[in-house]
Amino acid sequence: MTASAAGQGNGHPDLSVSFADVQIKNPVIAASGTFGYGVEFEDVVHLNKLGGFVVKGLSREPMIGNPPPRLWETAAGMLNAIGLQNIGAQAFLEEKMPHLRQMKDIVVFANVFGYTREDYEQTIEILNEGEGIAAYELNVSCPNTASGGLQFGSDPRSLDEIVTTAKRVARRPLIVKLSPNVTSIAQMAYVAQEAGADALSLVNTFVAMAIDAETRKPRIANVTAGLSGPAIKPIALRMVYDAAHAVRIPVIGMGGISTAVDVIEFMLAGATAVQIGTASYWDPCATEKIVDELQDWCIEHGITRIAELTGGMQLE
Ligand SMILES: Cc1cc2nc3c(=O)[nH]c(=O)nc-3n(C[C@H](O)[C@H](O)[C@H](O)COP(=O)(O)O)c2cc1C
């Protein structure tokens, strides 16, 4: 029985959505970097109640990340400069995936990043050998070290090159995660689509910073960091709206979502599904609670099929 059929005829709204050949039971996905490798959350969240989860960004080699302090709470948000610490793609397949594969009815997305084109290529090739991954999410927000530090995701030509390369090697659907640190998100969305992306996800964090006025030191050792959480929600919503109107492929929205109503807003702006990141820092059960709230919201509002909300914002 499909997830869609499961939601019909029993009084429950059908929360299932699909994108890039992946069907998930509801639109709520835990965002990369805020949900570990999933296994860390299995005692607090019923992983099979979520639409899915995206694991920490994986690279070709293990990475230790940036020195502390790496996190700082801001008004309605959070700064982080974790520096993409991770165990590496091969260790992920050997140490985490076997356990995840034993869990029934969960959907795992692998987030991939690199500093050169070859990094992306080789990381995907490693992950191609593993089983149980639904799709790849390409993080293009890292500085391209081969081009002197310019972000892949901020330069249309680099984005085109990296997505074309990833699509050529990937044996799974490719979701391209866009950086919000650009002038035109619509342009970047279009470039990613034309280079072969099966879906887009956005937004990653906004480059930001905080200073301690007493010590005159930066709050984060790396000086600059990524801002996430409710503080970015209205900008993220606008970017999802702009991106969704520039492409034909599905868009997964995120940025500051912490309630079911936030999810509905992102879907009305054009998102097929959503991701939830920082909210899991305030409340580790946030993702699962939002799924329950979403079901209640749909019942209260007479929504029988949540997928129909996508792009449903009304101007009049
Ligand atoms: C601590 C932390 C680590 C993150 N690590 C990653 C990562 O490894 N890869 C990635 O694509 N995004 C990463 N992100 C970005 C989130 O997945 C998400 O795009 C962003 O935080 C906006 O959503 P939110 O406001 O719900 O947190 C990270 C975010 C945070 C807060």
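The values are calculated or read from the model by the stated rules, or taken from the named source; none is laboratory data. Please read all numbers here as calculations on a predicted model, not as lab measurements. Note: ideal-geometry Cβ built from the backbone for every residue, glycine included; neighbour counts use all protein chains shown. Protein only, heavy atoms only, side chains kept; ligands, DNA and RNA dropped before computing areas. Shrake-Rupley method; radii C 1.70, N 1.55, O 1.52, S 1.80 Å.
Below is a table of values for the structure above.
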{"quantity": "Residue tally, condition away from the ligand (no atom under 16 Å from the Cβ), open to solvent by 60 Å² or more (accessible area, probe 1.4 Å) and out of contact with any Asp or Glu (no Cβ under 7 Å at 6 or more places or on another chain), over the range 22-58", "calculated": "5"}
{"quantity": "Of residues in the range 185-221 being touching an Asp or Glu at 6+ places or on another chain (Cβ under 8 Å) and open to solvent by 30 Å² or more (accessible area, probe 1.4 Å), the one nearest to residue 170 (Cα to Cα)", "calculated": "198"}
{"quantity": "Selection within the range 284-309 - open to solvent by 50 Å² or more (accessible area, probe 1.4 Å) and hydroxyl-bearing (Ser, Thr, Tyr)", "calculated": "304"}
{"quantity": "Where a residue in the range 23-39 is more than 20 Å from residue 176 (Cβ to Cβ) and its partner, wherever it lies, is more than 9 Å from the ligand (Cβ to nearest atom) and hydroxyl-bearing (Ser, Thr, Tyr), with Cβ under 6 Å and at least six apart", "calculated": "25/16; 28/287"}
{"quantity": "Those strands (runs of 3 or more DSSP E) lying entirely in the range 1-111 with at least 1 residues under 18 Å from residue 286 (Cβ atoms) and of a type in the set (Gly, Ala, Ser)", "calculated": "28-30, 52-54, 77-80"}
{"quantity": "Residue 96 being within 14 Å of the ligand (Cβ to nearest atom), surrounded by 19 or more Cβ atoms within 10 Å (Cβ to Cβ) and within 27 Å of residue 274 (Cβ to Cβ)", "calculated": "no"}
{"quantity": "Number of the exception - residue 183 against (1) assigned to a loop (DSSP other than H, G, I, E, B); (2) farther than 22 Å from residue 80 by Cβ; (3) in contact (Cβ under 8 Å) with a residue 12 or more places away in the chain; (4) of a type in the set (S, T, N, Q)", "calculated": "(3)"}
{"quantity": "Residue in the range 59-86 that is farthest from the ligand (Cβ to nearest atom), counting only those that are within 12 Å of residue 123 (Cα to Cα) and touching a residue at least 40 places away in the same chain (Cβ under 8 Å)", "calculated": "60"}
{"quantity": "Identity of the residue in the range 206-220, in a loop (DSSP other than H, G, I, E, B) and under 25 Å from the mean Cα position of the chain (by Cα), that ends up nearest to the ligand (Cβ to nearest atom)", "calculated": "220"}
